[in-house]
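Visitor: Would you mind keeping the following structure in view while I ask a few things?
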Amino acid sequence: MFDVRRLRLLRELSVHGTIAATAAACSLTPSAVSQQLSLLEREVGSPLFVRDGRRLVLTEAARVLVEHTESILAELEQAKASVSELTGSVRGVLRLSAFATAARALVPGAIARCRAEHPDLRVRLSEQETSEALVALKAGGVDVALIYEYNLLPDVNDAGVELIPIAREPLLAALPPGTPDGEEPLPLSALRDDPWIAPHSDTSLRSALERACELAGFQPDLAYTSDDYTVILALVQAGLGVSLVPRLALESVSPDIQLREVTEPQLTRTVSAAVRAGSRRTPSIAAVLASLAGGS
């Protein structure tokens, strides 16, 4: 019989590639991870990884185990959810992560609704971007993660994660003061000669921008970068370039800036709540999901 905790560590190793990164993701020491994986190798009776430089590469036996581990963990989450449902109560602590614009625009109202309906449930919030949040979710560090996906990029496809769409929003072209007014969607190619203001660390939005421009037949002139949407919009307002901005980031935007939907290609971002596969019916998780959907 294989130890589920050790199987989980092997699954995390398949994602992170090193003992140190796996230990950090699971809040363990590297020596503890090495010891548990060595014990799993003895249980299996076959090598589970080989060293390739600093990384550990999984053997075929390990890859088979990881594939089955996803199903095992999902079944365990579902069993925990079914047992929790029997109590009929929503209580305890739920750990929610959200990217910055969702944390500002979606989360406060959802937590307030949840607190009003379920006073014995405490929601703890942390800010994490999508890639970091998914790692924390699968490692058990958070219970619900608000993430985003762009329509021009590959979808999140992970057997250990279930996505519940919360909102779909357009990416809007933010144009400097003095741009001729218009209400119709703007072909992206119309902005081929403009300098662009792009995200610095949000590699997903940066990739979506570059992919969209490629489809429109040009390469953007990236004149400025910033991770702060207030800075990006201030640069647009100063007439220094154009940008693509998700609607959720536009809580307070100067009336001087013109916002236009983009076409050819059309650009959207989907905001979803991610949960571990099998955990959706857990009462505390179901309550938070309902509160998030109620404000979308």
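Visitor: Is region 67-148 rounded, prolate or oblate when judged by the Cα gyration tensor, a ≥ b ≥ c being the square roots of its eigenvalues, rounded requiring a/c under 1.5 and prolate requiring a/b larger than b/c?
Guide: Here region 67-148 falls in the oblate category.
Visitor: Quick check: pseudo-label points 7 Å beyond the Cα along Cα→Cβ at L86 and R168, how many nm apart are they?
Guide: Modelled inter-label distance: 4.0 nm.
Visitor: I've got another one for you. With θ set to phi - 60°, apply the Karplus curve 6.51 cos²θ - 1.76 cosθ + 1.60 along region 72-83 and write out the HN-Hα couplings as whole Hz, x wherever there is a Gly or Pro.
Guide: 4, 5, 5, 5, 5, 4, 5, 5, 4, 5, 5, 5
Visitor: Under a 5 Å amide H to amide H cut-off, with H placed in plane at 1.01 Å, what residues pair with V262 once short-range neighbours are removed?
Guide: Amide H neighbours of V262, under 5 Å, 5+ apart: A173, L186, L267.
Visitor: Determine the gain in length on full extension of the stretch V64-R115; use 0.36 nm per residue of separation and subtract their C-alpha separation, reporting nm with one decimal.
Guide: Contour length minus Cα-Cα distance gives 14.1 nm.
Visitor: Expressed in nm to one decimal, what extension gain is obtained for the pair S207 and Y224 from 0.36 nm per residue of sequence separation less their Cα-Cα distance?
Guide: Computed gain between S207 and Y224 is 4.6 nm.
Visitor: Right, another one. Which FRET efficiency value, to the nearest 0.05, is calculated for A234 and E261 with the Förster distance at 30 angstrom and r the Cβ-Cβ distance?
Guide: The formula returns an efficiency of 0.85 here.
Visitor: Looking at the square roots a ≥ b ≥ c of the eigenvalues of the Cα gyration tensor of region 194-240, which shape do they give, rounded for a/c under 1.5, prolate if a/b is larger than b/c, or oblate?
Guide: In terms of gyration-tensor shape, oblate.
Visitor: Please identify the chymotrypsin sites (Phe, Trp or Tyr not before Pro) of region 179-235 that satisfy two criteria: DSSP loop assignment and at most 15 other Cβ atoms within 10 Å. Which are they?
Guide: F218
Visitor: Loop sites only, by DSSP: take the GluC sites (Glu not before Pro) in the chain that have at most 13 other C-beta atoms within 10 Å and name the longest stretch containing none of them.
Guide: Of all site-free stretches, the longest is 1-182.
Visitor: Can you give the percent of C-alpha pairs in region 1-156 whose distance is more than 26 Å?
Guide: Within region 1-156, distances greater than 26 Å cover 40 percent of Cα pairs.
Visitor: All other residues with a Cβ under 13 Å from the Cβ of V15 taken together, and with Lys, Arg as +1 and Asp, Glu as -1, what is their net charge?
Guide: Charge balance near V15 sits at +1.
Visitor: Between region 1-29 and region 34-52, how far is it from one alpha carbon centroid to the other, in angstrom?
Guide: Computed from Cα coordinates, the inter-centre distance equals 11 Å.
Visitor: Given axes a ≥ b ≥ c from the Cα gyration tensor, I'd like to know whether region 196-296 is rounded (a/c under 1.5), prolate (a/b larger than b/c) or oblate.
Guide: Since a/c reaches 1.5 and a/b is larger than b/c, the shape of region 196-296 is classed as prolate.
Visitor: Shifting gears a bit: Taking H as built 1.01 Å from N, whose amide H comes closer than 5 Å to the amide H of S126, not counting residues under 5 places away?
Guide: L96, S97, A98
Visitor: Against the longest alpha carbon principal axis of the chain, how many degrees, from 0 to 90 and to the nearest 10, is the axis of helix 30-44 turned?
Guide: The angle comes out near 60 degrees.
Visitor: Also, quick follow-up: At most 11 other Cβ atoms within 10 Å and a DSSP loop assignment: could you name the trypsin sites (Lys or Arg not before Pro) in region 164-235 that fit?
Guide: Filter output for region 164-235: empty list.
Every number in this text was worked out from the coordinates using simple rules, so none of it is lab data. Note that the structure is predicted; figures quoted are calculated from it, not measured. Note that we place each Cβ from the backbone using ideal geometry, even for glycine, and neighbour counts take in every protein chain shown.
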